[in-house]
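What follows is one structure encoded as structure tokens, with my remarks underneath.
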Amino acid sequence: MWSRKIVGKIQIFDNRKVVEEMDIIKRIKKNRTREKEIVQALQKEDELAWEEDEVAYMEGRIYVPNNKNIKEEILKEHHDPADVRHLGQHRMQELIKRIY
């Protein structure tokens, strides 16, 4: 049985991926480091960047702080699932960029 819920602006399903996405979102919330680009975008208030539930969004995607550990975790979780065959570097990056 799959249940659907909204986390920020992302729709995720109640399975293994939910736990992983939630963990990443929690880590992003804890990391309050913001680069100049996102700070300026949030100050513009032009609907291209916004903050919701302590998560910043830019152009409809979750803003990922410049944190090596968080970025590696996102890559690993999108690269390693057993139910997904290897899509190639460019396709995997494209899929990640849809969310982050």
Is one or more of the residues making up segment 86-93 in contact with a strand residue (DSSP E or B) (Cβ under 9 Å, 6 or more places away or on another chain) and either modelled with pLDDT under 85 or not in a strand (DSSP E or B) (or both)? no
Condition test on GLU52, is it at pLDDT 90 or above and among the acidic types (Asp, Glu)? yes
Restricting attention to segment 25-72, report how many residues are under 11 Å from TYR100 (Cβ atoms) and assigned to a helix (DSSP H, G or I). 4
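The values are calculated or read from the model by the stated rules, or taken from the named source; none is laboratory data. Bear in mind that the values here come from a model prediction, so they are computed numbers and not experimental data. All Cβ positions, glycine included, derive from the backbone under ideal geometry; neighbour counts span all protein chains shown.
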